[in-house]
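Peer 1: My questions all concern the structure below.
What follows draws every value from the coordinates through simple rules; no lab data is involved. Here the structure is a predicted model, which is why all the values come from computation and not from measurement. Note: ideal-geometry Cβ built from the backbone for every residue, glycine included; neighbour counts use all protein chains shown.
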């Protein structure tokens, strides 16, 4: 076995130059590569690949090499993690996910001064998503069946109820979106609270069936029934 040879491309300046490595030599090189990857991850506060995959056992990690997970993170089952996802907990804080969430590329979760607690069957991204519980008193709770698309960013103390939605490049600071049905609910009056547009939403509460569509700023004076945009069938 150790004497068998395999073709391996090298970094020789001669284009297309190939050399022969034994399988043992190739395994050593692969081992060194994984060791260097794990060292970089550990130095940056993330778990080695093997430990990350143990924590995420029962889930679907589409590209382990670009997925970064720290200690203090836990997940249920059947969550889908697309490439380029970061989940980092520190200082005793936790990030917990339930089941069947879809976490698209460019999603970033950071818990350092409070927990990030997530239910099941949410969609984070496409288009990016950020949640940071990184200041004193912060905590972010996201229930189930929510949809958070096109780069919203959550900070402070946020409570996003069942079926809530944030659609757009919105900085959401310490807001409450009430429970309701998901975006698939036929009756818009029964859907969870919704923010859409772009800008900054701070210290707002959006009741079931209501929406604020903002452009730069979000104000409770701009609350509208969701049926304003989606008439009942």
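Peer 1: For the stretch 168-203, name all the residues that are touching a helix residue (DSSP H, G or I) at 6+ places or on another chain (Cβ under 8 Å) and under 15 Å from residue 158 (Cα atoms). Break it down into steps so the answer makes sense when it comes.
Peer 2: The initial filter retains those residues of the stretch 168-203 that are touching a helix residue (DSSP H, G or I) at 6+ places or on another chain (Cβ under 8 Å), namely 180-181, 188-189, 191, 194.
194, the sole residue that qualifies.
Peer 1: OK, next. Could you grab me the full set of residues in the stretch 204-233 that are touching a helix residue (DSSP H, G or I) at 6+ places or on another chain (Cβ under 9 Å), surrounded by fewer than 13 Cβ atoms within 10 Å (Cβ to Cβ) and part of a loop (DSSP other than H, G, I, E, B)? Let's see the steps before the verdict.
Peer 2: Kept after step one, since they are touching a helix residue (DSSP H, G or I) at 6+ places or on another chain (Cβ under 9 Å), are these residues of the stretch 204-233: 204-206, 208-214, 225-232.
Subset that is surrounded by fewer than 13 Cβ atoms within 10 Å (Cβ to Cβ): 228-229, 231-232.
Correct list: 229, 231, 232.
Peer 1: Separate question: Determine which single condition residue 221 fails, assuming it passes every other condition in (1) touching a strand residue (DSSP E or B) at 6+ places or on another chain (Cβ under 6 Å); (2) farther than 25 Å from residue 104 by Cβ.
Peer 2: (1)
Peer 1: Go through the residues of the stretch 81-88 one by one and say whether even a single one is closer than 15 Å to residue 41 by Cα, more than 13 Å from the chain's Cα centre (by Cα) and without any contact (Cβ under 8 Å) to a residue 40 or more places away in the chain.
Peer 2: Step one: of the stretch 81-88, the residues closer than 15 Å to residue 41 by Cα are 84-88.
Narrowing further to those that are more than 13 Å from the chain's Cα centre (by Cα): none.
Within the stretch 81-88 (the criterion being closer than 15 Å to residue 41 by Cα, more than 13 Å from the chain's Cα centre (by Cα) and without any contact (Cβ under 8 Å) to a residue 40 or more places away in the chain), the answer is no, since none of the residues qualifies.
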